[in-house]
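The values are calculated or read from the model by the stated rules, or taken from the named source; none is laboratory data. Note that this is a predicted model, so its numbers are computed, not measured. Cβ placement follows ideal geometry from the backbone for every residue including glycine, while neighbour counts extend to all protein chains displayed.
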Amino acid sequence: MKNTALSGLHAAIGGKMVEFAGYNMPVQYEGITVEHFAVRNSVGMFDVSHMGEFILKGPNALTLIQAVTSNDASKLADGKVQYSCLPNDTGGIVDDLLVYRIDEQSYMLVVNASNIDKDWNWIKSKDKWDVEMHNISDKTSLLAVQGPNAMATLQKLTDITLSEIPYYSFKKGAFAGEQNILLSCTGYTGAGGFEVYFENQYAEKFWHAIMEAGKEFDIKPAGLGCRDTLRLEMGFCLYGNDIDDTTSPIEAGLGWITKFTKPFTNSENLLKQKEMGVARKLVGIEMIDRGIPRHDYEIKNAEGEIIGRVTSGTQSPSLQKAIAMGYVKKEYAAIGSEIFISVRDKNLKAAVVKVPFLVK
């Protein structure tokens, strides 16, 4: 099991440590619900240093990115970020990722922790242009400071005017006494905030500085448990649950990051899917009967026939309702469709609903 630069600190302050994607990570500190509401209502901080970061450089860096990603990275300007995915050759998804344009010939790709080696090898295998690639994952730390008071907390530590960084944009500058730190207006919570990328050597210094700056807002360390409840309330996909090597971006409702303005891996087949439709779709689900839908639970119709499976499910702290996402046959994918979730051999009534579940 790998440690982040902060694994020891998490254990020391009472974090409940678990193995996640091969890393020793905190799942919670005070409790998932407490941390969830800290992020939704004020500010919380996540150590997400397990995420992977690749640097691609050179005159053909964009050419390679365009060839392997579904979104159109040519639309990026310096300081902009794009959500995208790496399609595989068979219609599924190698990974979802963020593409950062540092300058015309320099990009950073941020990938999921469980897929670092897989993604690296995949991109390398598609590189016909001898692009300069650097895997900086092991020496890079990442703190996600999320919530309505995240900006006010971080602004105390930087001379960058954070209010001038639009969503899905970033700037580099001084932060907590160190130079050339990347602050990105991104996150996986839907609560607003920033992600801070830096070298491992600054990890403890930055953690303590941010906790001190956020004291007036009752900032709390937040674990992976509430990261999952927060992202699910927003209907954000989790790789390995809602999307994987067998799910296409069209099925997963990711047509908006699948741009057919340029060729990319398997783009011809994905275009056919878009034009002809798909047999199943990823939908939002809200329980009507009492019960919590969990990953891999069967989804059935009124006749008891299996029509799909749950991919993610939880009790939403914000909504006080059980919610889920899952794939169902397309004829059951319309908003309002009545479906049933098989929970402990009982078929519990649920409905297909629009995502995000939580509308501000």
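Per-structure values
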item: Some residue of the stretch 327-336 being part of a strand (DSSP E or B) and in contact (Cβ under 8 Å) with a residue 60 or more places away in the chain; result: yes
item: Conditions (1) closer than 27 Å to residue 250 by Cβ; (2) in contact (Cβ under 8 Å) with a residue 40 or more places away in the chain; (3) of a type in the set (Lys, Arg): number failed by residue 40; result: (1)
item: Residues within the stretch 108-130 that are assigned to a loop (DSSP other than H, G, I, E, B) and over 23 Å from residue 182 (Cα atoms), tallied; result: 5
item: Residue among 91, 15, 58 that alone is small (Gly, Ala, Ser) and within 23 Å of residue 269 (Cα to Cα); result: 91
item: Helices (runs of 4 or more DSSP H) within the stretch 171-289 that include 3 or more residues more than 24 Å from the chain's Cα centre (by Cα) and more than 30 Å from residue 127 (Cα to Cα); result: 203-213
item: Helices (runs of 4 or more DSSP H) wholly inside the stretch 1-107 that include at least 3 residues being touching a helix residue (DSSP H, G or I) at 6+ places or on another chain (Cβ under 7 Å) and in the same structural domain as residue 144 (by TED's automatic domain parsing); result: 32-41
item: Sole residue being surrounded by fewer than 21 Cβ atoms within 10 Å (Cβ to Cβ) and farther than 20 Å from residue 156 by Cα, chosen from 216, 199, 212, 204; result: 199
item: Residue 111, sole failed condition from (1) farther than 25 Å from residue 166 by Cβ; (2) among the hydrophobic types (A, V, I, L, M, F, W, C); (3) outside the structural domain of residue 171 (by TED's automatic domain parsing); (4) touching a Gly at 6+ places or on another chain (Cβ under 7 Å); result: (1)
item: So residue 304, is it small (Gly, Ala, Ser), over 21 Å from the mean Cα position of the chain (by Cα) and not in a strand (DSSP E or B); result: yes
